[in-house]
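Below is one structure, written out as structure tokens; comments come after it.
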Amino acid sequence: MKLENLIAIDMHTHAEVSCWNPFDNYGEEFDRAADKYFKSNRRPTIEETVQYYRERRIGLVMFTVDAEAQIGRCRIPNEEIAEAAQKNSDMMMAFASIDPHKGKMGAREARRLITEYGVKGFKFHPTVQGFYPYDRMAWPIYEVIAEHRMPAIFHSGHSGIGSGMRCGGGLRLEYSNPMHLDDVAIAFPDMQIVIAHPSWPWQDEALSVAMHKPNVWIDLSGWSPKYFPPQLVQYANTLLKDRVLFGSDFPLITPDRWMKDFQEAGFRPEVHPLILKDNAARLLGLQPAAG
């Protein structure tokens, strides 16, 4: 990314539509429930999303969620996102998502995506993928991530996916308690762990893990900042100001709305540049251009 040309870096955006693969309508009831919960049915293509961010001079990290074992739906190819990032390397990075149930095969894929496609990190969604983050079945993938000293984003807290469906679609919220990341942070100190979202109803657990483990970060995606718990704002202003990250959860929340509400949510002016860009640049290993 060319940092000097960007006003911010959005650490949390989703690929919604594949232009490589035909749409898989299996499990479409999850889409309908999510549309109702989020009051949105926007599903832009990867290209449309990139153009949206380019117009705003905002860098973005994009990923899909591979939940093929739990949901049974074909994922958007990681390679498709990675190729888009290569074509837009001045303002985009690709993270990959690999279902932890794929074990050693998943680890092989992770290594290939890093070495052949240049992905820069990984995304996990314990509730939708159906696993505890500390489950050793995921460790072969974590080992590859840690070997390359890359970040991994973990969904935390409540999930709009499955909300309102019979039995919540069979998805277990408890998988996404951020305290389950404590063991992972101990076992993999070279993997930077990003706890995604205000972690309601476990916000204090997220803050505690991040305070205790220096390889744990928090992104602020998925909620408008005006609804953030006060303790999250307090810690972002003080003890965790160097490990809190801007994220929107696009297309569910737009950066336009997020950044407008951010200005009025009680964050100190001196932490604004840290949260909006500087912390992400450090996490992603980016350096400003010389001169």
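Over all pairs of different C-alpha atoms in region 3-47, the reciprocal of the mean inverse distance, the Kirkwood hydrodynamic radius, equals 13.0 Å. Sorted largest first, the principal axis extents computed over the alpha-carbon atoms of region 239-291 equal 33, 26, 21 Å. Percentage of Cα-Cα pair distances in region 77-230 greater than 24 Å, rounded to whole percent? Every Cα pair in region 77-230 considered, those over 24 Å come to 34 percent. Only aspartates and glutamates eight or more places from LYS104 in sequence, or on another chain, were considered; those with a Cα closer than 17 Å are ASP66, GLU68, ASP135, GLU143, GLU147. Taken about its Cα centre, region 145-279 carries a charge dipole of roughly 260 debye when the Cβ of each Lys and Arg holds +1 and the Cβ of each Asp and Glu holds -1. When both region 222-245 and region 57-74 are represented by their alpha-carbon centers, they are found 25 Å apart.
Principal axis analysis of the Cα atoms in region 146-291 yields extents of 58, 38, 26 Å, listed in decreasing size. Over the Cα atoms of the chain, each weighted equally, I'd like the Debye log10 I(q)/I(0) at q = 0.12 Å⁻¹, rounded to two decimals. Relative scattering, expressed as log10 I(q)/I(0), comes to -0.71. What you get for the chain, charging only the Cβ of Lys and Arg (+1) and of Asp and Glu (-1), is a dipole of about 220 debye around the Cα centre.
Which value in Å does the Kirkwood hydrodynamic radius of region 1-114 take, with 1/r averaged over all unlike C-alpha pairs and then inverted?
It is 15.2 Å.
What a 1.4 Å probe finds exposed on the chain is 50% carbon and sulfur by accessible area, rounded to a whole percent.
Using equal-weight Cα scatterers in the Debye expression, the normalised intensity of region 163-238 in log10 at q = 0.26 Å⁻¹ is -1.22.
At a temperature of 10 °C and a viscosity of 1.306 mPa s, determine how fast region 10-77 diffuses translationally according to Stokes-Einstein, using the Kirkwood radius over alpha-carbon pairs as Rh; express D in µm²/s, rounded to the nearest whole number.
Numbers: Rh = 13.3 Å.
Stokes-Einstein gives a translational diffusion coefficient of 120 µm²/s.
Helical content alone sets the calculated 222 nm signal of the chain at -9500 deg cm²/dmol, taking -39,500 (n - 2.57) per DSSP H segment of four or more residues and averaging over every residue. Can you compute log10 of I(q)/I(0) for region 56-161 with the Debye formula, treating each Cα as one identical point scatterer, at q = 0.11, 0.14 Å⁻¹? Values, matching the q order: -0.32, -0.52. The chymotrypsin sites (Phe, Trp or Tyr not before Pro) of region 1-36 meeting both criteria, a DSSP state outside H, G, I, E and B (loop) and at most 15 other C-beta atoms within 10 angstrom of the site's C-beta, are TRP20, PHE23, TYR26.
Could you tell me what a quarter of the Cα convex hull surface of region 203-275 works out to, in nm² with one decimal place?
On the way: hull surface 18.0 nm².
Projected over every direction and averaged, the Cα hull of region 203-275 covers 4.5 nm².
Mind pulling up the Rg/Rh value for region 140-193? Radius of gyration and Kirkwood radius, both on Cα. Display every interim value, and only then the final one.
Details: Rg = 13.9 Å, Rh = 12.6 Å.
Here the Rg-to-Rh quotient is 1.10.
The values are calculated or read from the model by the stated rules, or taken from the named source; none is laboratory data. On a predicted model such as this, the values are computed, not experimentally measured, just so you know. Heads up, the Cβs are rebuilt from the backbone with ideal geometry, glycines too, and the neighbour counts pull from every protein chain shown. To get the accessible areas, we keep the full protein, side chains included, count just its heavy atoms, and leave off ligands, DNA and RNA. Shrake-Rupley method; radii C 1.70, N 1.55, O 1.52, S 1.80 Å.
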